[in-house]
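What follows is one structure encoded as structure tokens, with my remarks underneath.
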6 protein chains.
Amino acid sequence: MRPSGRAPDEMRAITIETNFTKHAEGSCLVGFGDTRVLVTASVEERLPPWLRGKGEGWVTAEYSMLPRATHTRGQREAAKGKQSGRTQEIQRLIGRSLRAVTDLRKLGERQITLDCDVIQADGGTRTAAISGAWVALRLAVKGLMASGAIGDDPLTEKVAAISCGIFEGNPVLDLDYAEDSKADADANFVLIEGGKIAEVQATAEGATYDEEALLRLLRLARMGCDQIFSAQAAAVQ
Amino acid sequence: MRPSGRAPDEMRAITIETNFTKHAEGSCLVGFGDTRVLVTASVEERLPPWLRGKGEGWVTAEYSMLPRATHTRGQREAAKGKQSGRTQEIQRLIGRSLRAVTDLRKLGERQITLDCDVIQADGGTRTAAISGAWVALRLAVKGLMASGAIGDDPLTEKVAAISCGIFEGNPVLDLDYAEDSKADADANFVLIEGGKIAEVQATAEGATYDEEALLRLLRLARMGCDQIFSAQAAAVQ
Amino acid sequence: MRPSGRAPDEMRAITIETNFTKHAEGSCLVGFGDTRVLVTASVEERLPPWLRGKGEGWVTAEYSMLPRATHTRGQREAAKGKQSGRTQEIQRLIGRSLRAVTDLRKLGERQITLDCDVIQADGGTRTAAISGAWVALRLAVKGLMASGAIGDDPLTEKVAAISCGIFEGNPVLDLDYAEDSKADADANFVLIEGGKIAEVQATAEGATYDEEALLRLLRLARMGCDQIFSAQAAAVQ
Amino acid sequence: MRPSGRAPDEMRAITIETNFTKHAEGSCLVGFGDTRVLVTASVEERLPPWLRGKGEGWVTAEYSMLPRATHTRGQREAAKGKQSGRTQEIQRLIGRSLRAVTDLRKLGERQITLDCDVIQADGGTRTAAISGAWVALRLAVKGLMASGAIGDDPLTEKVAAISCGIFEGNPVLDLDYAEDSKADADANFVLIEGGKIAEVQATAEGATYDEEALLRLLRLARMGCDQIFSAQAAAVQ
Amino acid sequence: MRPSGRAPDEMRAITIETNFTKHAEGSCLVGFGDTRVLVTASVEERLPPWLRGKGEGWVTAEYSMLPRATHTRGQREAAKGKQSGRTQEIQRLIGRSLRAVTDLRKLGERQITLDCDVIQADGGTRTAAISGAWVALRLAVKGLMASGAIGDDPLTEKVAAISCGIFEGNPVLDLDYAEDSKADADANFVLIEGGKIAEVQATAEGATYDEEALLRLLRLARMGCDQIFSAQAAAVQ
Amino acid sequence: MRPSGRAPDEMRAITIETNFTKHAEGSCLVGFGDTRVLVTASVEERLPPWLRGKGEGWVTAEYSMLPRATHTRGQREAAKGKQSGRTQEIQRLIGRSLRAVTDLRKLGERQITLDCDVIQADGGTRTAAISGAWVALRLAVKGLMASGAIGDDPLTEKVAAISCGIFEGNPVLDLDYAEDSKADADANFVLIEGGKIAEVQATAEGATYDEEALLRLLRLARMGCDQIFSAQAAAVQ
């Protein structure tokens, strides 16, 4: 039995509120249940020095938890003076995931930064961030195409992410915090609409797992991402 | 004529959405027009070492702008590895303002941290933060009293803040970004309900001002704060 | 009764020793009683990148306390690896105050940095720093004009600063440390010769204050700054 | 055809030189072809504060590249003043991998730190580090058991890691730098002797991959790890 | 011919103004010609954790140049966020030099910190700092003995330092900046009254030197330090 | 009697294994007994901004101890976020020593960085680093000459370094850790083949020393460096 009473293959409610802030070229507040992440896409018409002059653009991401997004207050990274290893790991993953569906050449020599700030955390913040970042990026690209800055659409596929895990011996979809903190294995899948995989990060916690378990988690992830793809499509219509 | 078409003594709409996040002991999303700040109050049953053993508590604040709260993206302070002088100045002001209405002895040996994260900026972020912080603090204190952790109410007065300035020669109330960036003088007032002053920070930008102008700004501030006190009262009922 | 035996409107002795160091384009050791601040003005014929090409210059300030300027030794900020919020707040105030009396266009594309290092502290270090910085700046500008680097004088008014406060219920001028540490309210005024105000920062400590008290402090500040303007005039003759 | 002329399922030579340094409780220089990593295991009879008093120990890792381990010199992280996101991601992975085969309760209240310093890099540094870290940890634990500090062996299984990828359309085992820099997909597998999985990190680079490709890579990884388990067994005999 | 017209074995004027600041337990402004260093000795009745419980005290030093102590303004180390290698090297040298004449056991479990802040630089700042630090330390120790905190005098010998160098082929005493910046070799000697050596740091710049040159520099240093010992004795009478 | 049983003027075995890593333009693993330092020379065809355009090159060094090079594990400087004063002092010494034998004009506008990473420490790590750095630099310069990038040899002399000290009252050559930690005086000599001195750093630890002792240590150092010069010559043949 899952703490939330959900069936093993049951997602939490997915909510995507677009244009949550007015300054960003694209933005949304994405919710996976009580997890809520504000994502903004910022277009800058210049690249960092090491990326200039190659005739292509860049998509990158930054991630942060507000100090009281969690049960107990965490120290603010700006006050500590550095980003944790966890933060850096997650923002690198978000950036890679979005670049997997972006044709950087068609984007042209500009950079789009996806800022993912967790307003409230209840498990799955990185997967909600990736899924919402696609929406914010889609909106920003739409604006660039509408203004004529970009010709061909650089973003031809959707990307979404979901966590699965083995909780009390059973594979379950979309771990919330109560499950995540006790799961035997925890896997984040970043999937492309149509069946391809962008990234798998599957970690045993305490117990290890085997090939069959990995495949069962991957199948759950496909089910979950299909629901996210639908929500994304509805959001950017 | 003000860019927004407002009268000189006209505030923007004040909105206070309480309990915006579920983990914090008190929280609200406060809006002064398009400026929106998420404030959470976190109660911790321990003090930093230098405050222990005095039989009293502490109220402190942290402030941050999300990178794309503004027209153009700013660099994330956690990525830069330090908080700017502006950030530190503002969070010190917020903390002082709230301590001005808190009886630290009645609070007992615990710390309440007010995290003020600017979701969207359109001028007046520090004054919205102070005004919202009082609401979050009030809710957190209410919880402590309900649970019996605190006996006497340590928070007997309201505090609010508003910016005023001289725009194209005229004193105006509640500067938005279009005004703030061109004002000749800019003053932030932190007022206590009932007429007392907690803090004045009045700065000439380009032009200087005189005693009469300072007094006119202070009177506008009183009008503005009265409206905020009403909104605060409604929010915490 | 004030701890020093001074009358409520009595300043401490103001001393300004110009050309205290030989390398700086302008310098002085300014004293407000036992508070002593070494100020140097350094002219650099280049601007930071973000200020270039606008046909105008910049005036900025840095502030620091020597570790044993105070009763007990404070940790050196260079050793801690960062400047405190208090330091940053003060150096921003000093820079703003001097820019309030400088025509940056007449200064031309050069930067003048005012380094204010507190040799000995006894209250009022920021106000002594601002008052001395004007002298160092005046001397540096005089040199630039003498050499023909600058035509019109960019510095046509004097600026000075003084702290006032409410001590044991009475408004008093020029707080020393013994008063500052116990004052009910503490206000720093930055005034322009002739009656204009550049900046007011008035903070209640413990008790709050009202409009009348603010005005009484402002009037004391005018009396104090008049004495500083005289001392500045004598120093730069 | 692989640049090195290897068959798709052919590993590079594995070399493990134990006791490479004299001070560490366990150490080895591990080589996967030209990739060479020095691993030391340091036993400390105390835990960081947040781990104390739980009756169990901790295994952690740090990773670093010597500045000229690579084709062109990289800046030293100690000189830059921070560890890169890549470094932190890798050292967190190494620590998790080793903890997956360690019974922390049997280890007792002590910490073992695995320092993995890359002397020379030619692809696969993190997998060589994990594989070598097991050897260093095994040697350190052997010493603790020989001295009677530990009773039951806390390290009952072997862990090893290998990278696989899709290079020019074909799944290949143990990517070297020439392959890694051009691979379409790159996966690191951390496997437990006997068939269990500790961690999978599979990333599409440019192209994406599908479930079948993931499984083919996993099977190559099993072949590779079996060879590493043999080399580890020989090394610690 | 030396730029200053001094004879090869001629020191600049040595000035030592004691009790330059009022808060420190000992202080002086030491001058070697135009080089001026403010030194304060701060007594703290506690030790850093790693020195506690050994029944002895500690003497340490910190060194800093004010930004405009030099011909052109240098960046403030507190603003850069770290102390330079040069600063650390010098402050380590000052601390070692003073500990060479202090009986730490007689000092008791307290720490004395010597803060050496260069007000104006014209060569020889580290040697002036060491020589002045002895005076500040002597004054602080005198106070501890007068108050009965210390019984036996822990400071039985004098220590002083001077730089010598080879300038245009000739050994010269007490290099000023004009010489230091062009010297072929530069040596700092820290000597104990009575003939013993505490430290030699002799560096070839461009040209190298030989044993005979080293000895000639050492003999010049003895002459210089004898003059400093006299000035120190006069200062602390 | 020395702990190692060596005669007072007896060096430990010197070993120099060239081309220890394959990517660097020059490299060696140098051993002085159990002290082992990996040195790489990296040639970069560009200079830092402040050195450009002078028609000459630069030689610099970085130094680091691996965390477990020593008896007990030290914290990794990259994790602490800064290099210690000791590290900076040593790397500055290594750079100066190598520049003392390099004609920077003949080197041309390129930089050679000598990375000295201590694999295992048993006293004398800085002197081993300098001695090995000459070998790595020699190999890198040889490559530049072979490729025609450099015409005249910029490196015409050898430089080597050795530590000597006074141990239990007797001058001894090449201190190992057991001696170094208890020596009364400790001196590092950097000598040029043929008799010239590049640098002397002689420090009293506890006891002080006199001129005669300094000369006896210098003579021992000459004997030691002659052996190192032979080993260097053999290594680069």
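The values are calculated or read from the model by the stated rules, or taken from the named source; none is laboratory data. Values in this document were obtained by computation on a predicted structure and should not be read as measured data. Neighbour counts are summed over all protein chains in view; Cβ atoms, including those assigned to glycine, are modelled from backbone coordinates with ideal geometry. Just the protein is used for accessible areas: all its heavy atoms, side chains included, with ligands, DNA and RNA removed. Shrake-Rupley method; radii C 1.70, N 1.55, O 1.52, S 1.80 Å.
What net charge is computed for the residues neighbouring B:ASP153, neighbours being all others with C-beta under 10 Å from the C-beta of B:ASP153, Lys and Arg scored +1, Asp and Glu -1?
+1
Between 0 and 90 degrees, rounded to the nearest ten: what's the tilt of helix C:211-236 against the longest Cα principal axis of chain C?
The helix C:211-236 is inclined about 50 degrees to chain C.
What figure, in Å² to the nearest 10, do you get for the accessible area of C:TRP134 with a 1.4 Å probe and non-protein molecules left out?
We get 10 Å² for C:TRP134.
Could you pull out every one of the aspartates and glutamates with an alpha carbon less than 19 Å from that of B:LYS82, ignoring same-chain neighbours closer than 8 positions?
Straight-line reach from B:LYS82, under 19 Å: A:GLU62, A:GLU77, A:ASP115, A:ASP117, B:GLU62, B:ASP115, B:ASP117, C:GLU62, C:GLU77, C:GLU89, D:GLU77, E:GLU77.
Which one, C:GLY57, C:ASN19, C:ALA78, is farthest towards the positive end of the dipole of the range C:1-88 when Lys and Arg carry +1 and Asp and Glu -1 on their Cβ?
So the residue we want is C:ALA78.
For the range B:30-132, state which trypsin sites (Lys or Arg not before Pro) are in a DSSP loop and have at most 15 other beta carbons lying within 10 Å of their beta carbon.
Hits after loop and neighbour filter: B:ARG46, B:ARG52, B:LYS54.
GluC sites (Glu not before Pro), restricted to the range D:1-55: which are DSSP loop and have at most 13 other Cβ atoms within 10 Å?
Hits after loop and neighbour filter: D:GLU45.
Could you order E:HIS71, B:HIS23 so the one with the most accessible surface comes first? Probe is 1.4 Å.
E:HIS71, B:HIS23
Need one word for the protein assembly as shown: rounded, prolate or oblate. Basis is the Cα gyration tensor (sqrt eigenvalues a ≥ b ≥ c); a/c below 1.5 gives rounded, then a/b vs b/c decides.
Oblate, since a/c reaches 1.5 and b/c is not below a/b.
Would you mind computing, in nm to one decimal, how far apart the modelled labels at F:ALA234 and F:LYS142 are, each placed 7 Å from Cα along Cα→Cβ?
With each label placed 7 Å out from Cα toward Cβ, I get 1.5 nm.
Please calculate how many Å² of accessible area the range C:8-119 carries per residue, with a 1.4 Å probe and no DNA, RNA or ligand atoms counted.
About 38 Å² of surface per residue is accessible.
Carbon and sulfur: what percent of chain C's accessible surface (1.4 Å probe)?
47 percent
Once R0 is set to 35 Å, what does the formula 1/(1 + (r/R0)^6) return for the Cβ-Cβ distance between E:ASP103 and C:GLN75, expressed as a FRET efficiency to the nearest 0.05?
Efficiency computed from Cβ-Cβ geometry: 0.80.
Can you list residues from other chains, or at least 5 along the same chain, whose modelled amide H is less than 5 Å from the amide H of C:ALA183?
none
Residues of the range C:1-25 with amide nitrogen under 17 Å from the 7 Å Cα-to-Cβ point of C:MET223?
It comes to C:1-14, nothing else.
Assuming a ≥ b ≥ c are the square roots of the Cα gyration tensor eigenvalues, decide whether chain F counts as rounded (a/c under 1.5), prolate (otherwise, with a/b larger than b/c) or oblate.
Here chain F falls in the prolate category.
Can you work out the Karplus-derived ³J(HN,Hα) for every residue in the range D:46-59? Use 6.51 cos²θ - 1.76 cosθ + 1.60 with θ = phi - 60°, whole Hz, and x for glycine or proline.
Using θ = phi - 60°, the values come out as 7, 10, x, x, 6, 10, 6, x, 9, x, 9, x, 8, 10 Hz.
Just how large is the dipole of the protein assembly as shown about the Cα centre, in debye to the nearest 20, putting +1 at every Lys and Arg Cβ and -1 at every Asp and Glu Cβ?
Computed about the Cα centre, the dipole is about 0 debye.
Add +1 for every Lys or Arg and -1 for every Asp or Glu among the other residues with Cβ under 12 Å from the Cβ of C:ARG222, and state the total.
The answer is -2.
Can you list the residues, at least 5 places off or on another chain, whose amide H is less than 5 Å from the amide H of F:ILE197, using H built in the peptide plane?
The answer is E:TYR209, E:ASP210, F:ILE192.
For D:LYS142, list the lysines whose Cα falls under 30 Å from its own Cα; do not include residues on the same chain fewer than 8 positions away.
D:LYS22, D:LYS54, D:LYS106, D:LYS158, D:LYS196
Where a ≥ b ≥ c are the square roots of the eigenvalues of the C-alpha gyration tensor, would you call the range A:127-188 rounded, which needs a/c under 1.5, or, failing that, prolate if a/b is larger than b/c, or oblate?
Here the range A:127-188 falls in the prolate category.
Would you tell me the accessible area of C:SER147, worked out with a 1.4 angstrom probe on the heavy atoms of the protein chains, in Å² to the nearest 10?
Roughly 90 Å² of C:SER147 is accessible to a 1.4 Å probe.
At a probe of 1.4 Å, how much accessible area disappears from chains F and E on forming the pair, both sides counted, to the nearest 100 Å²?
2600 Å²
Report the far tail of the P(r) of the range A:1-88, meaning the percent of Cα-Cα pairs longer than 20 Å.
59 percent
Using θ = phi - 60° and the Karplus curve 6.51 cos²θ - 1.76 cosθ + 1.60, what whole-Hz ³J(HN,Hα) does each residue of the range B:166-181 get, with Gly and Pro shown as x?
9, 10, 6, x, 10, x, 9, 9, 6, 5, 9, 4, 4, 7, 4, 6
Explain nothing, just compute: Karplus ³J(HN,Hα) = 6.51 cos²θ - 1.76 cosθ + 1.60, θ = phi - 60°, for every residue of the range B:148-155 in order, whole Hz, x for Gly and Pro.
x, 5, 10, x, 6, 5, x, 10
At q = 0.18 Å⁻¹, what is the base-10 log of I(q)/I(0) for the range D:7-58 according to the Debye formula with one equal point scatterer per Cα and no solvent? Please give it to two decimals.
-0.71
In debye, nearest 20: dipole of the range D:1-81 around its Cα centre with unit charges on the Cβ of K, R (+) and D, E (-)?
So the magnitude is around 360 debye.
May I ask for the distance between the Cα centers of the range B:168-216 and the range A:170-202, given as a whole number of Å?
For the range B:168-216 versus the range A:170-202, the Cα centre distance is 53 Å.
Quick one: check the C-alpha center-to-center distance for the range F:109-124 versus the range A:14-56, whole angstrom.
Here the two parts' Cα centres lie 44 Å apart.
If you place +1 on the Cβ of every Lys and Arg, -1 on the Cβ of every Asp and Glu, and leave all else neutral, what size is the dipole of the range B:138-199 about its Cα centre, to the nearest 20 Debye?
380 debye
Taking amide H positions as placed 1.01 Å from N in the peptide plane, with prolines and chain starts having none, which residues 5 or more places from C:MET65, or on another chain, fall under 5 Å of its amide H?
Long-range HN contacts for C:MET65: C:VAL118.
Can you give the Kirkwood hydrodynamic radius of the range F:24-163 from its Cα pairs, in Å with one decimal?
15.4 Å
Gaussian network model of chain D, Cα springs within a sub-10 Å range: biggest mean-square fluctuation belongs to which of D:THR21, D:THR113, D:THR72?
Judging by the Gaussian network model, the answer is D:THR72.
Taking a label point 7 Å from Cα toward Cβ, how far is F:LYS54 from its twins in the other copies, in nm, shortest first?
Once sorted, the set of distances for F:LYS54 reads 3.4, 3.5, 4.2, 5.3, 5.5 nm.
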